[in-house]
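Written below as structure tokens is the structure these notes are about.
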Amino acid sequence: MTEPVVTTTRDARGVATVTIDRPAKLNAMSRAVVRGLVEAAAALRTDASLRAVVLRGAGTRAFVGGADIHDLATLDAGTAEAFITQVHRACDGFRRLPVPVVARIQGHALGAGLELAAACDLRVASTDSWFGMPEVRIGVPSVVEAALLPHLIGWGRTRKLLLTGDPIDAACAMQWGLIEELAAPDALDAAVERLLEPILASGREALRLQKELILAWENLPARDAVQAGIRSFRASFDSDEPRRMIGEAVARLRNRRS
């Protein structure tokens, strides 16, 4: 049997790690990888015990080096739409997971790989990472989740990436706000863990409500976004999580004062 190109592991804390496992091909998004990502996201969506997801590429050379060039070479006007729609499904599946999704990035995050990273909630990268949208260099536009980039880095910087195809290094990506944390390669996993620590210390249901609300805010005018927040706040009290966690916080305050 063929080895899976996308694997999911779980730890006792409820953190799932999804790994794209084609290191010899820079973890390029072949049809098999895209299908594996869609299936992995679908399985995670129904996991009520899930607390967070880490998305990564195998090896040290790439998070995802882009769409597989050999698959792209087979496309024509009749098959291109179906292929890129599946790439969108893969990215959007992780974007819409009900828990925080962290992209662990080392090496190249190019094209579809950067789109997948942009679909995550948070991005942690090593100092040897590179980011780019080189599609115009091979005769096609950058599409699907490239539409998320202006919200992250602004229109001018998005235009520079998409219209020139030139990559940027990790320091520039940090300056632009494309990534949230930057670490040396040998400290990358520790940086991911530091980011997970406060997430795992937060309320399970509160985080799910917050994730849902953030996604809603992206498409709502300010007045509707405020009303959605009011409904979300009310919904949080459908469980005992606020009472329990607020009570614990009050008890900690009392202990500090005594």
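Okay, here's what the table says:
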quantity	calculated
Net charge over other residues, Cβ less than 9 angstrom from the Cβ of residue 86 (K, R count +1; D, E count -1)	+3
Label-point separation, residue 235 to residue 200 (7 Å along Cα→Cβ), nm	2.7 nm
Per-peptide average of other Cβ atoms within 10 Å, ordering 175-188, 44-57, 229-242 highest first	44-57, 175-188, 229-242
Potential lengthening between residue 220 and residue 11 on full extension [0.36 nm per residue; Cα-Cα distance subtracted]	71.7 nm
Tilt relative to the chain, helix 31-45 - C-alpha long axis, 0 to 90 degrees, to 10	10 degrees
Gain in span if fully extended, residue 24 to residue 76, counting 0.36 nm per residue against the direct Cα distance	16.1 nm
Per-peptide average of other Cβ atoms within 10 Å, ordering 29-38, 215-224, 16-25 highest first	29-38, 16-25, 215-224
Percent carbon-and-sulfur accessible area, region 53-113, ignoring ligands, DNA and RNA, probe 1.4 Å	56 percent
FRET efficiency for residue 171 and residue 137, using Cβ-Cβ distance with R0 set to 25 Å, rounded to 0.05	0.65
Residue-normalised accessible area of the chain, expressed per residue, 1.4 Å probe, Å²	52 Å²
The chain - Debye-derived log10 I(q)/I(0), Cα point model, q = 0.12, 0.17 Å⁻¹	-0.75, -1.36
Helix axis angle, 80-95 relative to the chain longest principal axis, alpha carbon, degrees	20 degrees
Environment charge of residue 183, counting only residues whose C-beta is closer than 12 Å and scoring Lys/Arg +1, Asp/Glu -1	-3
Whole-Å distance, taken between Cα centres, linking region 20-50 and region 201-258	30 Å
Computed label-point distance, nm, for sites residue 96 and residue 253 using a 7 Å Cα→Cβ extension	4.0 nm
Projected-area average for region 89-239 over all orientations - Cα convex hull basis, square nanometres	9.8 nm²
Viscosity 1.002 mPa s, temperature 20 °C, Stokes-Einstein D of region 68-177 from Kirkwood C-alpha radius, µm²/s	149 µm²/s
Alpha carbon convex hull of region 162-204, projected area averaged over orientations, nm²	4.5 nm²
Value of relative contact order over the chain, rounded to a whole percent, pairs C-alpha under 8 Å and six or more apart	15 percent
Within the chain, helix-based [θ] at 222 nm, where runs of 4 or more DSSP H residues each add -39,500 (n - 2.57), nearest 500	-14500 deg cm²/dmol
Share of carbon and sulfur in the accessible heavy-atom surface of region 151-258 [1.4 Å probe, %]	56 percent
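The values are calculated or read from the model by the stated rules, or taken from the named source; none is laboratory data. Nothing here was measured: the structure is a model prediction, and the numbers come from that model. FYI the Cβ positions are ideal-geometry reconstructions off the backbone, even for glycines, and counts take in every protein chain you see. Ligands, DNA and RNA are excluded from the accessible area calculation, which covers all protein heavy atoms including side chains. Shrake-Rupley method; radii C 1.70, N 1.55, O 1.52, S 1.80 Å.
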